[in-house]
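Colleague: Quick one: the structure is below, questions incoming.
The values are calculated or read from the model by the stated rules, or taken from the named source; none is laboratory data. This structure is a prediction, so every number in the text was calculated from the model and none was measured. All Cβ positions, glycine included, derive from the backbone under ideal geometry; neighbour counts span all protein chains shown.
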Amino acid sequence: QWEPRISSRCVPIPLGMALCQNIGYDTMRMPNLLGHESSAEAVQQSTSWLPLLARECHPDARIFLCSLFAPICLDRFISPCRSLCESVRDSCAPIMSCYGYPWPEILRCDQYPADHLVCISSVTNITVHPGVRRPQASCRDCELEEGSSSKDTLETFCRSDFVKLRLIRLKYSPVSLSQFSLATKLDVLKYGPLFGAQVRSRIELWLERDATCVQNMIRRHPRGGTFLVTGTVHGEHLVVNKAYAWQRRDKNLMAAARKWKTH
């Protein structure tokens, strides 16, 4: 386990560290528990974890990562508990492996203290009742669907909790293929539990955080375009699970959309 230097100091959590905004405190110790010497280094390294958070792999993933990237500024360093690390690892490592990333050795769980010692434990304390499976992301989340029958597409529409959206215009950026924005027009086919401006704000947040998902959507449409996306809402979080390129020549997609509107 990395031992912090005695000369650690308290600094504000940088605004650029999106990973650790609105976590209940606004200063952190540097160097941090990952050995980053500067805030700039911590910000740069933390950015790569945002797509994983967007996969909704574990409710405590953010607090676990922030306890390392931006440790709370108390009179001593407080590490995450071993059980917190193991719980997050067991849920998130399979999702990371979908994209070719192993659980990093620097986050090896046996280096953290047992729960009876002073450490950061689970904060959500979610109870999963027998027979009820907590929603988790999978390797197929947000794949670009192609060649689906109109029946399968219509069944996807019916299963999705929140909204069916079309006319999401992903604008091409020559700087980075991951930087897109919504067109002015947003056509909501089914609202589910979201209303009005909530839909747009949730979709904008999803586009900002879920670079992996957006890459899946536009891998065959590098300049962006119009897409229909479906997904579910879990509390404050939006999980997009399927995307369709909106093309008039896709007769099955057009037929499913017409049937849905009629229904």
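Colleague: E56 - would you say it is surrounded by 23 or more Cβ atoms within 10 Å (Cβ to Cβ) and charged (D, E, K, R)? So that I can check it myself, show each step before the final result.
Modeller: On the way: surrounded by 23 or more Cβ atoms within 10 Å (Cβ to Cβ): yes; charged (D, E, K, R): yes.
Yes; evaluated as a whole, the condition is true for this residue.
Colleague: On to the next question. Please enumerate the residues belonging to the stretch 21-42 that are outside any loop (DSSP other than H, G, I, E, B) and either touching a strand residue (DSSP E or B) at 6+ places or on another chain (Cβ under 7 Å) or surrounded by 14 or more Cβ atoms within 10 Å (Cβ to Cβ) (or both). Don't jump to the end; show me each part of the working.
Modeller: To start, the set of residues in the stretch 21-42 that are outside any loop (DSSP other than H, G, I, E, B) comprises 27-30, 39-42.
The answer is T27, M28, R29, M30, S39, E41, A42.
Colleague: Tell me which residues, restricted to the stretch 43-60, are more than 21 Å from G231 (Cα to Cα) and either part of a helix (DSSP H, G or I) or among the aromatic types (F, W, Y) (or both). Before the answer, list the steps.
Modeller: Start the filter on the stretch 43-60 by keeping residues that are more than 21 Å from G231 (Cα to Cα), which leaves 43-49, 60.
Within the stretch 43-60, V43, Q44, Q45, S46, T47, W49 meet the criteria.
Colleague: Every residue in the stretch 62-101 that is more than 27 Å from M30 (Cβ to Cβ) and either outside the structural domain of T27 (by TED's automatic domain parsing) or exposed (fewer than 13 other Cβ atoms within 10 Å of the Cβ) (or both), please.
Modeller: S97, G100
Colleague: Pairs under 6 Å by beta carbon, first residue closer than 10 Å to S67 by Cα in the stretch 19-30, partner small (G, A, S) and crowded, with 18+ Cβ neighbours inside 10 Å, six or more apart or different chains?
Modeller: C20/A70; M28/A70
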